[in-house]
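Q: One structure, pasted below without further comment.
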Amino acid sequence: MTSAQTDEPTPRKPLRVWPGVVLVVVQWIAWLIVPFFLPQYILPAFMVTAVCALGVVLWWLIFSRAPWYERVAALVLIVLAVIVTKRIVHVSIATGSFGLLLFVLAIPAMSLALVAAAVISRRLSAGPRRAVFLAAIVIGCGVFTLLRTAGATGDFKNEFHWRWSKTPEERLLAQGDETLASPSAPAATGKMEYEWPGFRGPQRDGAVRGVQIKTDWSASQPVEMWRRPVGPGWSSFAVHAGRLYTQEQRGKDEIVACYDVSTGNPVWRHSDPARFYESIGGPGPRATPTLSNGHVYSVGATGIMNVLDDRTGAVVWSRNAVSDTGAKIPGWGIAGSPLVVGDLVIAAASGNLVAYELASGKPRWFGPKGSDSYSSPQLLTIGGVEQIVLMSSTGATSVALADGKELWSHSWPSDTRIMQPAVAADGELVISVGDGMGGNGTRKIAVKQGQSGSSGWTTEERWTSEDLNANFTDFVVHKGHVFGFDWGTLACIDVNNGKQKWKAPQHGYGQIVLLPDQDLLLELSEKGELVLLKASPEQFTELARFKVLEGKTWNHPVLVGDIVLVRNDHEMAAFRLPVG
């Protein structure tokens with residue numbers, strides 16, 4: 001053996017790539033496939049995605065056979081690339097929900113980039129191999145700079161668009177100012193009865209009484225009255241005397257707007273310099289205005305509380321519920337709609353209640369210190385006592401209408417609460433978890449006024465059912481049954497024991513209105529469809545389906561007489577339903 005032969009370096013073995021390939025395949029199945037078919041398992045799927053990413057890191061550091069310098073350098077480069085990318089991507093990706101969207105996207109993307117580079121360069125020499133790794137990381141991060149997100153669906157599926165494409169809001173603003181009706185439009189005459197005074201109707205129970213509609217839409221379809229673009233936001237409508245009221249975002253201004261019900265033409269608009277944004281829901285206010293005493297009561301996403309003249313939009317008084325209560329704006333913004341009771345208007349700022357005097361706007365009382373909530377204050381009568389019930393991340397809390405002092409509370413911790421409590425026929429309460437995180441399902445509780453406890457009230461759990469996880473979609477109670485959404489599909493459970501009666505296959509998310517006189521559910525689906533269903537425990541029965549909006553639709557529909565009003569984050573429309 002010659003000296004030259006003994007001095008030759010031992011050839012390095014090719015990179016060991018199969019563990020990384022297996023981990024990335026499992027990771028992408030968990031990240032993309034599982035949430036698509038089993039949306040209720042999105043959180044466990046994300047945990048699997050994160051665990052697989054950790055596995056990829058361990059594979060790369062311990063089992064990949066790459067030179068130690070390259071092992072460390074590649075991971076450091078990935079971290080630096082993500083940090084740099086966060087500074088140059090579109091704001092919708094840079095911020096994310098709670099600032100985590102880019103991080104969530106980068107986990108599977110960078111895992112794939114690292115493994116793909118290893119596969120491609122496993123037999124290459126040092127120089128070309130390092131170039132491949134650099135290119136893979138740059139491409140993996142660079143793709144995010146070309147995109148923006150229009151938010152996510154109920155299943156947390158992001159709606160990606162090219163970064164340079166205009167948003168619906170930008171197209172609306174480019175049209176310029178609209179011609180408004182005279183601010184001195186005459187007031188409605190007659191008794192002040194509000195057809196739809198605010199969030200989910202007169203009782204906030206999503207029920208419409210005294211309406212009869214035809215159920216065969218193949219013979220008589222809904223007829224479109226008008227359609228118009230609207231600024232982003234997840235507000236529903238309040239309706240009175242031929243006018244509708246809603247909230248929207250227009251550039252840097254948060255808007256309370258009034259439109260004509262019959263034509264959709266704008267009547268007046270009130271603006272506040274405020275803009276709230278988060279990447280799942282996008283920009284704009286979340287709450288629905290409330291009508292009472294000739295006034296419009298509104299709460300914006302940052303807590304701005306306005307009382308406006310319903311004829312002209314003139315300001316009566318304004319406050320900020322967030323600063324007044326010392327609350328913090330939660331991740332999805334202030335979403336509770338104001339409640340008018342007697343001479344008070346009650347607002348909820350992230351689980352913190354404050355009651356203002358109608359005439360002056362002066363705070364009369366503050367409720368107990370609250371926790372994260374996107375629910376609205378609910379007026380209920382329990383044991384003959386009127387009280388305000390609010391859902392929050394700690395559970396349900398009731399306060400006295402007179403002074404805001406706590407009457408009772410029921411502990412059921414969960415990350416957030418979104419839906420409204422409902423009263424069953426036996427007087428007991430049905431409550432639900434807002435997003436399925438922390439707690440699970442739907443619960444029935446008995447609330448009684450007794451002698452135990454400092455307040456003299458007690459609560460007792462009757463049952464908890466995981467057969468209806470309402471997520472962010474409100475439910476209704478009708479004839480001994482609860483109808484609502486078990487994640488992304490409609491379900492019915494028995495109000496007496498929580499047992500499931502039926503579950504609709506692959507139905508999707510939506511918001512529903514109950515027509516108790518006909519045992520019907522009118523749903524506005526997340527896909528922008530009006531769906532007519534039987535409110536029966538016997539079986540799931542869909543009667544009709546009609547497309548009314550394009551794009552993700554989370555806003556609650558409103559039914560006034562034979563007119564149904566619908567909107568989402570970029571358009572609204574009115575349809576006349578067949579009646580008789």
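The values are calculated or read from the model by the stated rules, or taken from the named source; none is laboratory data. None of these values were measured; they are calculated from a predicted model. Heads up, the Cβs are rebuilt from the backbone with ideal geometry, glycines too, and the neighbour counts pull from every protein chain shown. Ligands, DNA and RNA are stripped out before the accessible areas are found, and what is left, the full protein with its side chains, is counted by its heavy atoms. Shrake-Rupley method; radii C 1.70, N 1.55, O 1.52, S 1.80 Å.
Listed here are the residues, each with its yes/no results for (1) open to solvent by 10 Å² or more (accessible area, probe 1.4 Å); (2) at pLDDT 95 or above.
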site	(1), (2)
Asn293	yes, no
Val299	no, yes
Asn306	no, yes
Thr312	yes, yes
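Q: Can Leu114 be described as part of a helix (DSSP H, G or I), surrounded by fewer than 21 Cβ atoms within 10 Å (Cβ to Cβ) and modelled with pLDDT of 90 or more?
A: Numbers: part of a helix (DSSP H, G or I): yes; surrounded by fewer than 21 Cβ atoms within 10 Å (Cβ to Cβ): no; modelled with pLDDT of 90 or more: yes.
Here the answer is no, as Leu114 does not meet what is asked.
Q: Among the strands (runs of 3 or more DSSP E) confined wholly to the stretch 352-419, which include 2 or more residues that are within 18 Å of Val340 (Cα to Cα) and open to solvent by 70 Å² or more (accessible area, probe 1.4 Å)?
A: Values: elements: 352-357, 363-366, 378-382, 385-392, 395-400, 406-411.
Output list reads 363-366.
Q: Suppose we keep only residues that are surrounded by fewer than 19 Cβ atoms within 10 Å (Cβ to Cβ) and touching a residue at least 24 places away in the same chain (Cβ under 8 Å) within the stretch 322-339. Which one would you say is farthest from Trp196 (Cα to Cα)?
A: So in the stretch 322-339, the residues surrounded by fewer than 19 Cβ atoms within 10 Å (Cβ to Cβ) come out as 323-324, 326, 328-329, 331.
Next, only the ones that are touching a residue at least 24 places away in the same chain (Cβ under 8 Å) stay: 324, 326, 329, 331.
On the way: Asp324: 29, Gly326: 31, Ile329: 28, Gly331: 29 Å.
Going through the qualifying residues, I end up with Gly326.
Q: I'd like to know if the stretch 338-347 contains one or more residues that are over 26 Å from Gly456 (Cβ atoms) and either of a type in the set (Phe, Trp, Tyr) or touching a helix residue (DSSP H, G or I) at 6+ places or on another chain (Cβ under 8 Å) (or both).
A: Yes, there is a match, as at least one residue in the stretch 338-347 is over 26 Å from Gly456 (Cβ atoms) and either of a type in the set (Phe, Trp, Tyr) or touching a helix residue (DSSP H, G or I) at 6+ places or on another chain (Cβ under 8 Å) (or both).
Q: Please list, ordered by first then second residue, the pairs with beta carbon atoms under 8 Å, 6 or more apart or interchain, first in the stretch 233-262 and over 17 Å from Thr312 (Cβ atoms) and without any contact (Cβ under 8 Å) to a residue 60 or more places away in the chain, second among the polar types (S, T, N, Q) and in a strand (DSSP E or B).
A: Note: pairs meeting the criteria are Gln247/Ser298; Asp253/Ser271; Glu254/Gln247; Glu254/Ser271.
Q: Which residues, taken from the stretch 483-537, are of a type outside the set (D, E, K, R) and touching a helix residue (DSSP H, G or I) at 6+ places or on another chain (Cβ under 8 Å)? Full working, then the answer.
A: Of all residues in the stretch 483-537, those of a type outside the set (D, E, K, R) come to 483-485, 487-493, 495-498, 500, 502, 504-516, 518, 520-522, 524-525, 528, 530-533, 535-537.
Within the stretch 483-537, Trp487, Gly488 meet the criteria.
Q: Here is a further query. Please go through the stretch 209-226 and pick out each residue that is open to solvent by less than 40 Å² (accessible area, probe 1.4 Å) and touching a Leu at 6+ places or on another chain (Cβ under 8 Å).
A: Step one: of the stretch 209-226, the residues open to solvent by less than 40 Å² (accessible area, probe 1.4 Å) are 211, 213, 217, 220, 222, 226.
Scanning the stretch 209-226 gives Val211, Ile213, Trp217, Pro222.
Q: Is one or more of the residues making up the stretch 152-168 open to solvent by 50 Å² or more (accessible area, probe 1.4 Å), touching an Asp or Glu at 6+ places or on another chain (Cβ under 9 Å) and either at pLDDT below 90 or not hydroxyl-bearing (Ser, Thr, Tyr) (or both)?
A: Yes; the residues of the stretch 152-168 include at least one that is open to solvent by 50 Å² or more (accessible area, probe 1.4 Å), touching an Asp or Glu at 6+ places or on another chain (Cβ under 9 Å) and either at pLDDT below 90 or not hydroxyl-bearing (Ser, Thr, Tyr) (or both).
Q: Looking at the stretch 143-155, I want the residues that are aliphatic (A, V, I, L, M) and have a partner that is open to solvent by less than 20 Å² (accessible area, probe 1.4 Å) and part of a strand (DSSP E or B) with Cβ atoms under 7 Å, at least 6 apart or on another chain. Which pairs are those?
A: Ala150/Gly282
Q: Could you list, in sequence order, all residues of the stretch 227-241 that are open to solvent by 20 Å² or more (accessible area, probe 1.4 Å) and closer than 21 Å to Arg200 by Cβ?
A: Kept after step one, since they are open to solvent by 20 Å² or more (accessible area, probe 1.4 Å), are these residues of the stretch 227-241: 227-229, 234, 241.
Matches in the stretch 227-241: Trp234, Ala241.
Q: Leu134 - would you say it is in a loop (DSSP other than H, G, I, E, B) and hydrophobic (A, V, I, L, M, F, W, C)?
A: Values: in a loop (DSSP other than H, G, I, E, B): no; hydrophobic (A, V, I, L, M, F, W, C): yes.
When the stated conditions are applied, Leu134 does not pass them.
Q: Every residue in the stretch 242-266 that is open to solvent by 10 Å² or more (accessible area, probe 1.4 Å), in contact with a Pro (Cβ under 9 Å, 6 or more places away or on another chain) and of a type in the set (A, V, I, L, M, F, W, C), please.
A: None - no residue of the stretch 242-266 is open to solvent by 10 Å² or more (accessible area, probe 1.4 Å), in contact with a Pro (Cβ under 9 Å, 6 or more places away or on another chain) and of a type in the set (A, V, I, L, M, F, W, C), so the list stays empty.
Q: Taking only the stretch 486-507 into account, find how many residues are among the aromatic types (Phe, Trp, Tyr) and in contact with a strand residue (DSSP E or B) (Cβ under 7 Å, 6 or more places away or on another chain).
A: Start the filter on the stretch 486-507 by keeping residues that are among the aromatic types (Phe, Trp, Tyr), which leaves 487, 502.
Filter once more, keeping what is in contact with a strand residue (DSSP E or B) (Cβ under 7 Å, 6 or more places away or on another chain): 502.
Total meeting the criteria: 1.
Q: Quick one: which strands (runs of 3 or more DSSP E) sit completely within the stretch 455-543 and have at least 2 residues that are open to solvent by 10 Å² or more (accessible area, probe 1.4 Å)? Break it down into steps so the answer makes sense when it comes.
A: Numbers: elements: 457-465, 476-478, 481-486, 489-494, 500-503, 510-515, 520-525, 529-534.
Once the strands (runs of 3 or more DSSP E) in the stretch 455-543 are filtered for at least 2 residues that are open to solvent by 10 Å² or more (accessible area, probe 1.4 Å), what remains is 457-465, 476-478, 481-486, 489-494, 500-503, 529-534.
Q: What pairs come up if the first residue lies in the stretch 46-66 and is touching a residue at least 40 places away in the same chain (Cβ under 8 Å), the second is part of a loop (DSSP other than H, G, I, E, B) and open to solvent by 20 Å² or more (accessible area, probe 1.4 Å), and their beta carbons are under 6 Å apart, counting only those six or more places apart or on different chains?
A: Within 6 Å, the pairs are Phe63/Arg16; Ser64/Arg16; Arg65/Lys13; Arg65/Arg16.
Q: Which residue, of Val57, Val84, Val22, is modelled with pLDDT of 95 or more and open to solvent by 70 Å² or more (accessible area, probe 1.4 Å)? Break it down into steps so the answer makes sense when it comes.
A: Values: Val57 fails: open to solvent by 70 Å² or more (accessible area, probe 1.4 Å); Val84 fails: modelled with pLDDT of 95 or more.
Answer to the check: Val22.
Q: Let me ask something else about it. If you go through the stretch 126-151, how many residues are over 32 Å from the mean Cα position of the chain (by Cα) and open to solvent by less than 70 Å² (accessible area, probe 1.4 Å)?
A: 10
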